[in-house]
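> Structure in structure tokens, see below.
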Amino acid sequence: MDLNEKLQEVCRQFKIQDTYVGYETVQMGNVNRTYKVNFLLKDGSPKSFLVQNVNTYAFREPVGLMENIDKVTEHIRAKCPGKTALHFHHTYDRKTYLIDGDNFWRMTNYIDSVTYNAVKDPFVLRNAGKAFGEFQMQLADFDIQLLHETIPGFHNTRQRYEKLAKAVEANAAGRLDQVREELEYLMEVQDLACTLSDMLSRGELPLRVTHNDTKINNVLFDSRDNSALVVIDLDTVMPGLIGHDFGDAIRFAANFVEEDCPEYDRAGVDLEVFRAFAQGFLSQTAGTLTENEIRTLGMSCFCLTAELAVRFLDDYIQGDPYFKILYPEHNLVRTRCQIALAKDMLRKMDQMDAIVRGCL
Ligand code: GN1
Ligand code: MG
């Protein structure tokens, strides 16, 4: 069965009975595969849905993951009933997913919106910060115990380093000689990169319910006025630290270049982007943050950037089992770009800290 037939069949299983027109592959994320499927209604008007093939190598417990998403979206919906929301379709046996062999499918409404990978407009950035801050606040009273840990130790940087060390030892893809310099740098900054993880182990930072994958393209915006409609990609909603959400958002949005840009010398943190995002994020969250959380927001950006460099490098050394790649060196280029960004963050740490203080 080719993909076209497969998607048609998946839609049928999710009880869509309209006339199938075709699909478009959506460039969304580095882990799952996403398709926009297009239909014609009886009256001839078009209607689309999103179908995703969840990567079960990354998410070993996809059923638990869907349970998390259900609970979290219901919790938010109860608080803001009229708001735009992701809605997961159900199969004939009332499941929000369809397992077929190795494939794990799910289907949601398609929300007409715009997303941004790279944006400098402070208005958009403030709105993105606000959206993630608001998301965080909406889940402040959500019972952490209800959540499955969809990827255990997801932002446990120490554990990420241990995994890297194992990959180095195995050298499964024979790529070790190409990555000596990157490894050396990451080992040199290991303790600093593990600041958040270590503080968490010592009980110095509170666990919250966090999004954990706060790329700015996970916020859908209204194309008319650039207001934020909804935060998407709830696969990694888990107990986490505020710095995981803040740091990852800055890592992605405030970089002068995209995260896989091969011109490493252009990578770095744009402080105006940092400021706009921080203003939005802190406008929602400042009142609830502890002094330790505030003090580590700037450092969280470095931690999350170094952590992702470790993950990209680990994947490259292993022969790319985890992240989708477009060409053989993709994970190496990603690693180098994140390292360049991390270095610039260390240079600008005092400025980032000062901006955070200025937002309070
Ligand atoms: C993955 O697939 P996507 O783009 O939502 C990854 C994130 C990384 C990101 C880097 C579950 O997110 O942790 O920061 O790639 N998600 C997972 O682009 O591993
Ligand atoms: Mg994601």
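The values are calculated or read from the model by the stated rules, or taken from the named source; none is laboratory data. Since the structure is predicted, the reported quantities are computational estimates derived from the model, not experimental observations. Positions of Cβ are generated from backbone atoms using ideal geometry, with glycine treated the same way; all protein chains shown enter the neighbour counts. Keep in mind that these areas ignore ligands, DNA and RNA; they rest on the heavy atoms of the full protein, side chains included. Shrake-Rupley method; radii C 1.70, N 1.55, O 1.52, S 1.80 Å.
> Roughly what would the spin-label model give for ARG266 and LYS95, points 7 Å off Cα along C-beta, in nm?
For ARG266 paired with LYS95, the spin-label model returns 4.6 nm.
> Skip the ligands, DNA and RNA, and give the accessible area per residue of region 1-149 with a 1.4 Å probe, whole Å². Write down the numbers at each step before the final one.
Details: 8040 Å² over 149 residues.
I get 54 Å² per residue for region 1-149.
> Shifting gears a bit: When the Kirkwood hydrodynamic radius is evaluated over all pairs of different C-alpha atoms of region 36-91, what value in angstrom, to one decimal, is obtained? Walk me through the intermediate numbers first.
Details: mean 1/r = 0.0725 Å⁻¹.
Here the Kirkwood hydrodynamic radius works out to 13.8 Å.
> Restricting to Cα pairs below 8 Å that are 6+ residues apart, what does the relative contact order work out to for the chain? Please round to a whole percent. Could you put the intermediate results ahead of the total?
Values: 604 pairs, mean separation 66.9, N = 360.
After rounding, I find 19 percent.
> Among LYS120, LYS15, LYS215, which one shows the highest mean-square fluctuation when the chain is modelled as a Gaussian network with alpha-carbon springs under 10 Å?
Taking springs between Cα atoms under 10 Å, the residue moving most is LYS15.
> Please compute the modelled spin-label separation between ALA165 and GLU5, points set 7 Å along Cα→Cβ, answer in nm with one decimal.
Placing both labels 7 Å beyond Cα along the Cβ direction yields 5.1 nm.
> For region 76-141, build the convex hull from the C-alpha positions and give me its volume per residue in Å³.
Numbers: hull volume 10.5 nm³, N = 66.
It is 160 Å³ per residue.
> Hey, got the Cα dimensions of region 222-360 along the principal axes, in Å, largest first?
So the three principal-axis extents are 45, 34, 33 Å.
> Average projected area of the Cα convex hull of region 9-60, in nm²? If you can, show how the numbers build up before the last one.
Working: hull surface 16.3 nm².
Spelled out: convex hull of the Cα atoms, projected over all directions, averaged, 4.1 nm².
> Considering only MET299, ALA128, PRO206, whose Cα is most displaced toward the positive end of the charge dipole of the chain, charges sitting on Cβ of Lys, Arg (+1) and Asp, Glu (-1)?
The residue sitting farthest along the positive end of the dipole is ALA128.
> Using a 1.4 angstrom probe, figure out how much accessible area region 227-295 has per residue, in square angstrom, rounded to the nearest whole. Show your work: numbers first, answer last.
On the way: 2180 Å² over 69 residues.
I get 32 Å² per residue for this part.
> Something else about it: Would you work out the charge dipole size for region 60-103 about its Cα centre, treating the Cβ of every Lys and Arg as +1 and the Cβ of every Asp and Glu as -1, and quote it to the nearest 20 debye?
Numbers: 7 positive and 7 negative charges, 72 e Å.
With only Lys, Arg, Asp and Glu charged at Cβ, the dipole is about 340 debye.
> A further question follows. Plugging the Kirkwood radius over Cα pairs into Stokes-Einstein for region 26-142, at a temperature of 10 °C and a viscosity of 1.306 mPa s, what D comes out in µm²/s? Intermediate values should be presented prior to the final figure.
On the way: Rh = 16.5 Å.
Result for D is 96 µm²/s.
> Okay, moving on. Regarding region 243-315, what is the average projected area of its C-alpha convex hull, in nm²?
That works out to 5.2 nm², a quarter of the Cα hull's surface.
> Can you list residues from other chains, or at least 5 along the same chain, whose modelled amide H is less than 5 Å from the amide H of MET238?
Amide H to amide H, under 5 Å and 5 or more residues apart or across chains, MET238 pairs with THR210.
> Kirkwood hydrodynamic radius for the chain: how many Å is it when counted over pairs of different Cα atoms? Before the final figure, lay out each step's value.
Numbers: mean 1/r = 0.0471 Å⁻¹.
Across the chain, the inverse of the average 1/r is 21.2 Å.
> Here's something else I'd like to know. Give the Kirkwood hydrodynamic radius (Å, one decimal) of region 196-240, defined as one over the mean of 1/r across all pairs of different Cα atoms.
Numbers: mean 1/r = 0.0807 Å⁻¹.
Result for region 196-240, one decimal place: 12.4 Å.
> Please return the longest stretch of the chain lacking exposed loop sites, where chymotrypsin sites (Phe, Trp or Tyr not before Pro) count only if DSSP places them in a loop and at most 11 other Cβ atoms lie within 10 Å.
Working: sites that count: TYR57, TYR92.
Excluding the exposed sites themselves, the longest stretch runs over 93-360.
> In addition: Go ahead and run the numbers for FRET between ASP43 and ARG224, Cβ-Cβ distance against an R0 of 25 Å, rounding to 0.05.
On the way: r = 25 Å, r/R0 = 1.01.
Step by step, r from the Cβ atoms, then E = 0.50.
> So the label point goes 7 Å from the Cα of VAL63 along Cα→C-beta, right? Which residues of region 86-120 then have their backbone N under 18 Å from it?
90-107
> Now for a different question. Sketch the reach of a paramagnetic label on LYS324 as a point 7 Å from Cα along Cα-to-Cβ, and name the residues of region 191-234 whose backbone nitrogen lies under 15 Å away.
217-218, 233
> While we're here: Could you compute how fast region 161-262 diffuses translationally, taking Rh as the Kirkwood radius over C-alpha pairs and applying Stokes-Einstein at 10 °C with viscosity 1.306 mPa s? Give it in µm² per second. Mind showing how you got there, number by number?
On the way: Rh = 16.6 Å.
D, rounded to a whole number, is 96 µm²/s.
> Carbon and sulfur: what percent of the chain's accessible surface (1.4 Å probe)? List each step's numbers first, then the result.
On the way: 7900 of 16110 Å².
Carbon and sulfur together cover 49 percent of it.
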